[in-house]
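Here is the structure we will look at, set down as structure tokens.
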Amino acid sequence: MATATLQPYRAYSPKPFTKDERGQVTILFGGLHWRAERVLQAVLENLGYRAQVLPVATKEDLLRGREVADIGQCCPTSFTTGNLVNFLRSEAERIGKEEVVRKYVYFTAGSCGACRFGQYHQSYELALRNTGMEAFRMFLMAQNQLDQGAAIGDGLEINLPFTLGAAWAVLCTDVLQNLEYQVRPYEVIPGQTDQVVKESVEYLCEVFRNRPLRGKKWGSLLWHLTTGYFTKALREVHRKFAAVEVDRLRAKPIVKITGEFYLQTVEGDPNHNIHRWLESEGAEIYPAAIAVWLDYLMRLAIQDIEEYVGIDRRARLKVAALKTLQRVYRWQYDRLRHALGGQPPALPDQYELRRLAAPYFHHRLSGGEGDMLVGKALWAYHHKKAHMTCELSPYSCMPNTMSIGAMAGVVGKYPDLLYAPLEIKGDAEVHALSRCQMILTEAKKRAQKEYEEVLERTGLTAERVRGYLDAHPEMKKATYRVRRDGVVGTAANLVLDVARRGGGR
Ligand code: SF4
């Protein structure tokens, strides 16, 4: 008996999403952290679309993804396909399949990457087919093109106002997320940071919903590069954070989150709620900014063209142009983080990451995060950015398996680099978290030791530092910027800060 279909291969080609449908059709999307998703929704609304964020993926979604798509696919694909299918199913029960197909379209990022990312459309198609919803329209947007014209019908125009709005939404919420993670572990009144963040995200949604539109090409680009519209909004967010009182004299380990893009970005079941879990275990998180990924994409493009220097006469010119674009991008990021008092740190230099990773991982291996996982772990170690690195590695992910292998060489050379690679597959949560806890225990000891050494070195006591802070209440505000100087932990840096200000005398 034949077990395989003899039908020829047919690429998934959904019916186009047209301009006339904009008023009735809702664009579904998801897969980032909630702050970025909310503000991206506002960007779409600003451009006249109806948009809805999918709920955060759950373990039920993972099981559904395994059931309706390829069982061997990587766990982010299972989570995201299951998430979409479960949402469509529940909507179909409510309003019927035909109405779901008519009322919604789904947009997600795609590429022809070296990993399964390049086959996402096939996984989604299989899942839709197995759910009896093959007529549902799902579109992949190339992640490396600023202006894609009307490649998917003229319903969604992926033009500069859309792309720039999305990019600025990501940058603004990145810096906000970073400040949030620096503040919450030290808040004096539990829950106050969450409240301020919620208000700030709502406020940013308003700002992006009312974003002035300045044409579809150069006018829009020029406006985004020169406007004070977003920095003014972030200064307002900074003012909101000033209301949060913090006690930064609690010695906590800083944990840098790295890993596969989806797992390091989402906050929920897909990564065992690792951000909240680490905080509840007494850590301060150094989150993974989406902006670093965008910077990496630019570096990849530059690397590609560099290969043609000596072959293509215009290659050098193209490299110079792209490097200028990259510098402008980083300058914009700096403008936004400075609007938040300069507390969110600068982006790591992409060429330094490449150089650090080079002995262990070739920069042309571009699947997943490529050489960045190795580069970021070494960067955090050499620059004293974190006590430990927690790498979230998806089950059945080829690129991450390679970087974890390469990290064995790194840890062999730097045995005191605390590195916790966690294989994430949705289940086996206790196993993954207990592995992390073992390394975290060592990181906690280091943070405490570093704090005590700094007290000894400066001749201060915790009581004297506390007394100084009481006399200088501006230093107890979440918006006070602690200077980072030669040690890792926030408490240790604060003691040095107080000593520098003459607090010991
Ligand atoms: S990087 Fe890994 S987890 Fe992410 S899409 Fe590719 S194969 Fe899947």
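The values are calculated or read from the model by the stated rules, or taken from the named source; none is laboratory data. Note that the structure is predicted; figures quoted are calculated from it, not measured. When we count neighbours, we look across all protein chains shown, and the Cβ atoms used for this are built from the backbone with ideal geometry, even at glycine.
Looking at the structure I just gave you, is Glu450 over 30 Å from Arg364 (Cα atoms) and over 24 Å from the mean Cα position of the chain (by Cα)? Criteria met by Glu450.
With respect to Arg337, is the statement that it is over 25 Å from the mean Cα position of the chain (by Cα), closer than 28 Å to Pro190 by Cβ and basic (Lys, Arg) true?
Values: over 25 Å from the mean Cα position of the chain (by Cα): no; closer than 28 Å to Pro190 by Cβ: yes; basic (Lys, Arg): yes.
Against the criterion (over 25 Å from the mean Cα position of the chain (by Cα), closer than 28 Å to Pro190 by Cβ and basic (Lys, Arg)), Arg337 does not qualify.
Of all residues in region 363-374, none satisfies the criterion of being away from the ligand (no atom under 16 Å from the Cβ) and at pLDDT 95 or above.
When region 392-406 is examined, which residues are found to be in a helix (DSSP H, G or I) and touching a helix residue (DSSP H, G or I) at 6+ places or on another chain (Cβ under 6 Å)?
Passing the criteria: Ser403, Ala406.
For the structure I just gave you, tell me whether Lys232 is of a type in the set (Lys, Arg), surrounded by 22 or more Cβ atoms within 10 Å (Cβ to Cβ) and in contact (Cβ under 8 Å) with a residue 24 or more places away in the chain. Here the answer is no, as Lys232 does not meet what is asked. Among the candidates Ala288, Ala242, the residue that is within 16 Å of the ligand (Cβ to nearest atom) and in contact with a strand residue (DSSP E or B) (Cβ under 7 Å, 6 or more places away or on another chain) is uniquely Ala288. When you scan region 376-391, do you find a residue that is closer than 30 Å to Gly65 by Cβ, within 16 Å of the ligand (Cβ to nearest atom) and assigned to a strand (DSSP E or B), even just one? So far as region 376-391 goes, yes, one or more of its residues are closer than 30 Å to Gly65 by Cβ, within 16 Å of the ligand (Cβ to nearest atom) and assigned to a strand (DSSP E or B). For beta carbons closer than 6 Å, sequence separation of 6+ or different chains, a first residue in region 251-267 that is touching a residue at least 40 places away in the same chain (Cβ under 8 Å) and within 11 Å of the ligand (Cβ to nearest atom) and a second that is assigned to a strand (DSSP E or B) and of a type in the set (Asp, Glu), the qualifying pairs are Gly259/Glu391.
Annotation note: Cβ proximity below 6 Å between a residue of region 68-83 that is over 12 Å from Asp269 (Cβ atoms) and a residue that is hydroxyl-bearing (Ser, Thr, Tyr) and more than 10 Å from the ligand (Cβ to nearest atom) (sequence gap 6+ or interchain) occurs for Val68/Thr131; Ala69/Thr81; Thr81/Tyr124.
Here Gly110 does not qualify as out of contact with any helix residue (DSSP H, G or I) (no Cβ under 9 Å at 6 or more places or on another chain), modelled with pLDDT under 95 and within 16 Å of the ligand (Cβ to nearest atom).
Contact annotation: residue pairs with Cβ atoms under 6 Å, 6 or more positions apart or on different chains, pairing a residue in region 393-416 that is under 20 Å from Pro76 (Cβ atoms) with a partner that is of a type in the set (A, V, I, L, M) and within 14 Å of the ligand (Cβ to nearest atom), are Ser393/Ile404; Pro394/Leu263; Pro394/Ile424; Ser403/Leu373. Which of the numbered conditions does Phe261 fail, given that it passes all the others? Conditions: (1) under 26 Å from Lys384 (Cα atoms); (2) at pLDDT 95 or above. Going through the list (1) under 26 Å from Lys384 (Cα atoms); (2) at pLDDT 95 or above, Phe261 breaks only (2).
For Arg89, are the conditions met, namely being more than 20 Å from His272 (Cβ to Cβ) and either within 16 Å of the ligand (Cβ to nearest atom) or among the charged types (D, E, K, R) (or both)? Here the answer is yes, as Arg89 does meet what is asked.
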